[in-house]
């Protein structure tokens, strides 16, 4: 298993995050750490080496959380991980809950597991942020056909097959889109309750609640339109079409009941414009639905390319080896042993 930690200028919080993470778990031959440096300008990489991380993916400039997540996922797969855990560098999530997170995967009950932070109980979240997260989670559940409560949680575990199928294109965050993809690809998704630590710093994704709303609302709408274009645009077409009929009502009422078909030019023009917009929205929904089919085909091609790269042994991009791990002692070896009769999970080749 590899635990990946996306980082951007995290020299202060990274040591506590790494110290909190387990370095051995029953059922795994090894638990390794991978730090994704997203163009940090501080000592993040040096601190990661000092803390003994096994692998480093060092991006040349700041590409965003979604791109960093994707780069880390690619590296984990090429390093041979059978299970990938993603956590945040600000020590938001309790490292001890990694065991709870991977338990459904080890049991064969899930391909992807999301840690439920129970957002309503997080004290430093404002009421507006909690409500937006509840709304966003509701939208994502409808689009993805999953039952995940905390869809914005970045504390997640993926088995190899689930990780191979993920392809995030959103340039803001990966959490919502990756969950929608998992639901659309019929990946078995589960969730487990996890604990959170005290806040160590303000969120890097949004500087305030208003900024959070401003950035997340368009992201939710884009995801809905991208993965359910027919439903999204046809719904909008119906709404605009109803407005067009309402704009025509004064003319229709006057013509039917009073026999007067003159006047109401403004209403007729407004209704015509709205009806044309409704037809265009419907057409966009049909086109979007056709493009959605092409997106699925492209995603499948991307997955096959990944499998070919793994078969050919293509090394991960921007990869640097971390600190060498000391040889495991006899006591540590016993700690990794599985129950009698069970086959240990092979995580990293070599």
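Descriptive notes on the structure:
- Matching entry among 257, 251, 233 (being crowded, with 18+ Cβ neighbours inside 10 Å and over 32 Å from the mean Cα position of the chain (by Cα)): 251
- Taken as a whole, the condition of being assigned by TED's automatic domain parsing to the domain that holds residue 38, within 25 Å of residue 48 (Cβ to Cβ) and surrounded by 21 or more Cβ atoms within 10 Å (Cβ to Cβ) does not apply to residue 179.
- The conditions of being modelled with pLDDT under 95 and either in contact with a strand residue (DSSP E or B) (Cβ under 7 Å, 6 or more places away or on another chain) or at positive phi (or both) are met by residue 8.
- Residue satisfying condition, being part of a helix (DSSP H, G or I), more than 23 Å from residue 289 (Cα to Cα), more than 15 Å from the chain's Cα centre (by Cα) and at pLDDT 80 or above, within set 240, 245: 245
- Hey, residue 168 part of a helix (DSSP H, G or I), in contact with a helix residue (DSSP H, G or I) (Cβ under 8 Å, 6 or more places away or on another chain) and closer than 25 Å to residue 219 by Cα or not: no
- Filter pass, residue 133 being touching a helix residue (DSSP H, G or I) at 6+ places or on another chain (Cβ under 9 Å) and free of Cβ contacts under 8 Å to residues at least 40 places away in the same chain: yes
- Once the range 183-215 is narrowed to residues that are in contact with a strand residue (DSSP E or B) (Cβ under 6 Å, 6 or more places away or on another chain) and in a loop (DSSP other than H, G, I, E, B), the residue that is modelled with the highest pLDDT is 194.
- So residue 149, is it surrounded by fewer than 23 Cβ atoms within 10 Å (Cβ to Cβ), in a loop (DSSP other than H, G, I, E, B) and at pLDDT 85 or above: yes
- If you check 42, 116, 74, 97 for being free of Cβ contacts under 8 Å to residues at least 40 places away in the same chain, surrounded by fewer than 23 Cβ atoms within 10 Å (Cβ to Cβ) and at negative phi, only one passes: 42.
The values are calculated or read from the model by the stated rules, or taken from the named source; none is laboratory data. Everything numeric in this text was worked out from a predicted model, so none of it was measured. Glycine also receives a Cβ, built like all others from the backbone with ideal geometry; neighbour counts cover every protein chain displayed.
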